[in-house]
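The values are calculated or read from the model by the stated rules, or taken from the named source; none is laboratory data. Everything numeric in this text was worked out from a predicted model, so none of it was measured. A quick note on method: Cβ atoms are made from the backbone with ideal geometry, for glycine too, and the neighbour counts reach across all protein chains shown.
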Amino acid sequence: MRIVDARVIVTCPGRNFVTLKIVTSDGVTGVGDATLNGRELSVASYLSEHVVPALIGRDPARIEDTWQYLYKGAYWRRGPVTMSAIAAVDTALWDIKGKVAGLPVHQLLGGRSRDGVTVYGHANAVDVDAVLSEISAYIDLGYRAVRVQTGIPGLASTYGVGKDRTFYEPADAAIATENTWSTEAYLAHVPTVFARVRDEFGPALKLLHDVHHRLTPIEAARLGRSLEPYHLTWMEDPVPAELQSGFREIRRHTTTPIAVGEVFNTIWDCQELITDQLIDYIRTTVVHAGGLTHLRRIFDLAALYHVRSGSHGATDLSPICMSAALHLDISIPNFGLQEYMRHTPETDEVFPHGYRYEGGYLHPSEEPGLGVDIDEELAARYPYRPAALPVNRLEDGTMHSW
Ligand code: EZ4
Ligand code: CO
């Protein structure tokens, strides 16, 4: 069996997605997500210019060899564009292998290690009263874990609080919108939110919070300490993570668990974080960290150091990425939590999938392969629309991390 075609499909059913569909000489097809929010066409171009021509004629069964070929063979290693393209190929080849074997991909990864994949939802609202009712709505749906984000008094807008409550979408304009940030206003407000939330919902509910890369290590240490009475499951992305040793400073001061990794591309981005036990959850995901092959390598390293998985699962990761992530989540020994933001009905229609939500868990598809596809005719009805993520400035105009 040989690869005879590989199509790069760009579609915008409410938001932009890039998909690679690989076709074999036996007529078996496989799909992979290649979406990089706000940089979609860069990955599409990398795939069509540099990857697709090298795939034609290859044996689709050689997943590891193809991964190494695309990684080592690029010479210019790593980076989000390259690694998202490699991820798409890798994911599609696992899909094909599952279909050829007649098995769902989690059976190829060792089978189930648990009954369901525990997910967390996003409770976002402008103020505390409104966020309490958002959390109640998630509890009514069966969720056991909720990420809580609110507006900050004195700031016009902040990360995680959107216009549409059901479908939060940060990439909301062709040219990036500008937000204003105040660390002091934020650090003063967040503990008051979690005091109310813990008081209202009791000790069992898992609570999470995303700092979204905005603090310095010592500021994050202060936040972690002030949140200790409310025992969060994790404090996410407390600082920008280029400096892995920066997490040592946070660790020295607080027992609030730390999660990081949604923007990481390879195992090298988190090697020190994991081996020095500076984090508790690694949030790398299929599409941005080199596909199932590389993500499993990261999770296996993490397992040696008491670090559990907590894969990114925002709406800019397509249902193909979610399908793949669930096969890994259900099979690995050190699964922690899976982020889950529901896609719009338009997105779900373009990507028919077999995974399902029930009572706080997602269940992977039992169909051979990944159990997801792209409806190419429907996808063609939603042309690409430029959309950028926001940028962030301090009150005096200085550029800050968003
Ligand atoms: O801002 O996926 O934890 N989730 C997140 C996301 C990211 C977006 C960026 O494309 O931080 O909402
Ligand atoms: Co995040």
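If the condition is being outside any strand (DSSP E or B), of a type in the set (A, V, I, L, M), more than 16 Å from ligand 1 (Cβ to nearest atom) and closer than 23 Å to Val10 by Cβ, then the stretch 324-381 contributes Ala324, Val350, Leu370, Ile374, Leu378, Ala379, Ala380. Set side by side, the residues Leu243, Leu227 differ, and just one is away from ligand 2 (no atom under 16 Å from the Cβ) and either in a helix (DSSP H, G or I) or in contact with an Asp or Glu (Cβ under 6 Å, 6 or more places away or on another chain) (or both), which is Leu227. Every test in (1) in a helix (DSSP H, G or I); (2) among the basic types (Lys, Arg); (3) modelled with pLDDT under 95 is passed by Arg248 save one, and that test is (3). Can you run down the residue pairs with Cβ atoms below 9 Å, 6 or more apart or on separate chains, where the first is in the stretch 40-62 and under 14 Å from Asp5 (Cβ atoms) and the partner is among the basic types (Lys, Arg)? Listed pairs, sorted by first residue: Val52/Arg7; Ile56/Arg2; Gly57/Arg2; Arg58/Arg2; Pro60/Arg2; Pro60/Lys97.
Annotation note: of Arg147, Arg196, the sole residue that is of a type in the set (Lys, Arg), modelled with pLDDT of 95 or more and within 22 Å of the chain's Cα centre (by Cα) is Arg147.
Here Ala220 passes the criteria (1) in a helix (DSSP H, G or I); (2) surrounded by fewer than 20 Cβ atoms within 10 Å (Cβ to Cβ); (3) touching a Gly at 6+ places or on another chain (Cβ under 9 Å) except the one numbered (2). Criterion first (within 15 Å of ligand 2 (Cβ to nearest atom), in contact (Cβ under 8 Å) with a residue 60 or more places away in the chain and touching a strand residue (DSSP E or B) at 6+ places or on another chain (Cβ under 6 Å)) does Gly310 satisfy it? Yes, satisfied.
Might you check whether a residue that is surrounded by fewer than 24 Cβ atoms within 10 Å (Cβ to Cβ), on the phi > 0 side of the Ramachandran plot, assigned by TED's automatic domain parsing to the domain that holds Trp234 and in contact with a Lys or Arg (Cβ under 9 Å, 6 or more places away or on another chain) occurs anywhere in the stretch 283-306? Looking through the stretch 283-306, none of the residues is surrounded by fewer than 24 Cβ atoms within 10 Å (Cβ to Cβ), on the phi > 0 side of the Ramachandran plot, assigned by TED's automatic domain parsing to the domain that holds Trp234 and in contact with a Lys or Arg (Cβ under 9 Å, 6 or more places away or on another chain).
Screening Ile279, Ile298 for residues that are away from ligand 1 (no atom under 16 Å from the Cβ), free of Cβ contacts under 8 Å to residues at least 40 places away in the same chain and not acidic (Asp, Glu) leaves exactly one candidate, Ile298.
Taking first residues from the stretch 187-213 that are farther than 22 Å from Gly336 by Cβ and partners that are of a type in the set (Phe, Trp, Tyr), the Cβ contacts under 7 Å between residues at least 6 apart in sequence or on separate chains come to Ala195/Tyr230. Within the set Val263, Val287, the sole residue that is in contact with a Cys (Cβ under 7 Å, 6 or more places away or on another chain) and either charged (D, E, K, R) or within 16 Å of ligand 1 (Cβ to nearest atom) (or both) turns out to be Val287.
Do the conditions hold for Glu236, that is, is it among the acidic types (Asp, Glu), crowded, with 24+ Cβ neighbours inside 10 Å and within 30 Å of Ala195 (Cα to Cα)? Here the answer is yes, as Glu236 does meet what is asked.
Residues that are touching a His at 6+ places or on another chain (Cβ under 6 Å) and hydrophobic (A, V, I, L, M, F, W, C) within the stretch 81-108 comprise just one, Val105. Only one entry of Arg112, Arg15, Arg78 meets the criterion of being touching a residue at least 60 places away in the same chain (Cβ under 8 Å), closer than 27 Å to Pro390 by Cα and touching a His at 6+ places or on another chain (Cβ under 9 Å), and that entry is Arg15.
Exactly one residue out of Gly160, Gly116 is in the same structural domain as Val197 (by TED's automatic domain parsing), within 26 Å of Leu370 (Cα to Cα) and of a type outside the set (Phe, Trp, Tyr): that is Gly116. Checking each residue in the stretch 359-383 for being aromatic (Phe, Trp, Tyr) and under 17 Å from Ile320 (Cβ atoms) picks out only Tyr382.
When the residues of the stretch 129-169 are filtered to those that are within 16 Å of ligand 1 (Cβ to nearest atom) and either charged (D, E, K, R) or free of Cβ contacts under 8 Å to residues at least 12 places away in the same chain (or both), which remaining residue is surrounded by the most Cβ atoms within 10 Å (Cβ to Cβ)? My answer is Arg147. Suppose we keep only residues that are in contact with a Ser or Thr (Cβ under 8 Å, 6 or more places away or on another chain), farther than 13 Å from Pro80 by Cβ and not charged (D, E, K, R) within the stretch 282-293. Which one would you say is nearest to ligand 2 (Cβ to nearest atom)? Checking each candidate, the answer is Ile282. At least 1 residues being modelled with pLDDT of 95 or more and over 23 Å from the mean Cα position of the chain (by Cα) is the threshold, and among the strands (runs of 3 or more DSSP E) wholly inside the stretch 13-127 those reaching it are 17-24, 29-33.
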